[in-house]
Amino acid sequence: MPTSLRFAVGAVVVGVALVGPSTPAGADPAGPTDYDTEIVSVEPATTGIELRMIGGDSFLELTNLAGAEVLVVGYDGEPYLRFDPDGRVLENERSPSRFLNDDRFAEGTIPPEADADADPVWRQVASDGSYAWHDHRTHWMNRARPPGAEPGDQILEAVVPLMVDGAEVEVLVRSFLQAPPSPLPAIGGVVLGAVVAAVVTVLARRRDRWLALGVGLAAVGALVTGLVAVRSVPAETEPSAAAWLLPLLAVVAVAGAALLGRRSPILADGLVLLAAAEVGLWSWLRRDALGAAILPTDAPFAVERATITFVAVVAVVVGAGRVVSLVRPSP
């Protein structure tokens, strides 16, 4: 294998390895979904709390507005979360719900010390009176769609029980299957990516820095999209840092390629290949967004889908071009 290609492959491996720790072990962040859960009612009406769903049906968030003491009741009737009047939010470490809620489909292991009948052991998880958690009463608990369900159909109705200053409160939720998204934004991203990739490839025959510019545009688009997505959800939902770290690494690699282009063309080629690999991996990790109805982001869903396909096309074309350049013997 040529030295230049060995360098490029090594750079890609190192760059990809950098994002290995970016997702916390056991984390289950909000992802694309085909279900939308609505909070139908809070009975009796309670003005001191605010509830909302995050990511369609991924997380239920409660905010304590009036300084009440709010208790979220777990699946076995045990105290699960406690919202104190001073803004602290505490989680019961002995609650079986605490471990079941680590995973969207409750596939986590409940340790022996978890006991619904045991005295609570409280651990502070927030200090601003607001907290979001997976609540399996609010979403469809199966990877397969409900048999026979059509878009618009109600697929569940459930109650999340609370205690507000010692009084029982019931939060009624209903979830509905959503229609699949239009493929047009994704197609538009493919077309735009193909145009950009073709233009920079032609221009690169005169000056290689055009390829760096093409993958740089893709990296910036991915970085903005990823940052918006991460900032759209509360920190406790543990959004993956790969959403912004991968494209950020790609931006740095492109900048390095631009600075080293004349002094070390081989190194510059390797950095462009690294950047293409980083944003290509980013688009691959976000591929589920192309077919899901609801995305966990404040950005327009169409923009996110178009960005994913745009980035993917540019990454593949530019990356392939750099591999060919590195493998081809020097004249």
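With the chain treated as a Gaussian network of Cα nodes joined by springs under 10 Å, which of A293, A222, A126 yields the largest mean-square fluctuation?
Largest GNM mean-square fluctuation: A126.
Would you mind working out the magnitude of the charge dipole of region 43-141 relative to its Cα centre, with +1 at each Lys and Arg C-beta and -1 at each Asp and Glu C-beta, to the nearest 20 Debye? Write out the running numbers ahead of the final one.
Working: 8 positive and 20 negative charges, 46 e Å.
Roughly 220 debye, rounded to the nearest 20.
Give a quick list of trypsin sites (Lys or Arg not before Pro) in region 240-301 that DSSP marks as loop, anything other than H, G, I, E or B, with at most 13 other Cβ atoms within 10 Å. Each step should come with its number before you reach the end.
Numbers: sites: R262, R263, R286, R287; in loops: R262, R263, R286.
Hits after loop and neighbour filter: R262, R263.
Restricting to DSSP H runs of at least four residues, report the calculated mean residue ellipticity at 222 nm for the chain, -39500 (n - 2.57) per run over all residues, nearest 500 deg cm²/dmol.
Computed ellipticity for the chain at 222 nm equals -13500 deg cm²/dmol.
Hey, if you put +1 on the Cβ of every Lys and Arg and -1 on every Asp and Glu Cβ in the chain, which of V224, A68, V317 ends up farthest toward the positive end of that dipole?
V317
Find the Rg to Rh ratio for region 71-204, where Rh is the Kirkwood radius over alpha-carbon pairs and Rg uses the same atoms. Don't skip to the end; give the middle numbers.
Working: Rg = 22.1 Å, Rh = 18.4 Å.
Reported Rg/Rh, Kirkwood definition of Rh: 1.20.
On a 0 to 90 degree scale, rounded to 10, what angle separates helix 209-231 from the longest Cα axis of the chain?
Approximately 0 degrees, to the nearest ten.
Relative to the longest principal Cα axis of the chain, at what angle does helix 301-327 sit, 0 to 90 degrees, rounded to 10?
Helix 301-327 sits at roughly 30 degrees to that axis.
Among R205, R305, R98, which one moves the most in a GNM of the chain with springs linking Cα atoms closer than 10 Å?
R205
Write down the accessible area per residue of region 109-177 in Å², having rolled a 1.4 Å probe over the full set of protein chains. Provide the component values of the computation, followed by the final result.
Values: 3780 Å² over 69 residues.
Here the residues of region 109-177 average 55 Å² of exposed surface.
State to the nearest 20 debye the size of the charge dipole of region 167-234 about its Cα centre, where the only charges are +1 on K and R beta carbons and -1 on D and E beta carbons. Each step should come with its number before you reach the end.
Details: 6 positive and 3 negative charges, 127 e Å.
With only Lys, Arg, Asp and Glu charged at Cβ, the dipole is about 600 debye.
Counting Lys and Arg as +1 and Asp and Glu as -1, what is the net charge of the other residues whose Cβ lies under 9 Å from the Cβ of G56?
Values: positive: none; negative: D34, D36, D57.
Here the count lands on -3.
Tally up the carbon and sulfur contribution to the accessible surface of the chain as a whole percent, 1.4 Å probe, everything protein left in place.
Accessible surface attributable to carbon and sulfur in the chain totals 60 percent.
Averaged per residue, what accessible surface does region 196-326 expose to a 1.4 Å probe, in Å²? Numbers along the way, then the final one.
Values: 5850 Å² over 131 residues.
Value returned for region 196-326: 45 Å² of accessible area per residue.
With +1 assigned to the C-beta of every Lys and Arg and -1 to the C-beta of every Asp and Glu, and no other charges, what is the dipole magnitude of region 175-331 about the Cα centre in debye, to the nearest 20?
Numbers: 12 positive and 8 negative charges, 169 e Å.
For region 175-331, the charge dipole is close to 820 debye.
Please list the non-local residues whose amide H lies under 5 Å from the amide H of N101, H modeled 1.01 Å from N, same-chain partners needing a gap of 5 or more.
Result for N101 returns nothing.
Can you match mean projected area of the Cα convex hull in nm² to one of these, (1) 20.1; (2) 15.9; (3) 18.2, based on a calculation from the structure here?
Entry (1).
Sequence-distant or interchain residues sharing an amide H contact under 5 Å with F59, placed H: which?
The answer is I54.
Residues with amide H under 5 Å of D153's amide H, sequence separation 5 or more or different chain, H placed in the peptide plane at 1.01 Å from N; which?
Hits under the 5 Å cutoff: L177.
The values are calculated or read from the model by the stated rules, or taken from the named source; none is laboratory data. These numbers were taken from a predicted model, which means no experiment stands behind them. Here the Cβ is made from the backbone with ideal geometry for all residues, glycine too, and neighbour counts use every protein chain on show. Accessible surface is based on the protein model in full, side chains and every heavy atom, while ligands, DNA and RNA are left aside. Shrake-Rupley method; radii C 1.70, N 1.55, O 1.52, S 1.80 Å.
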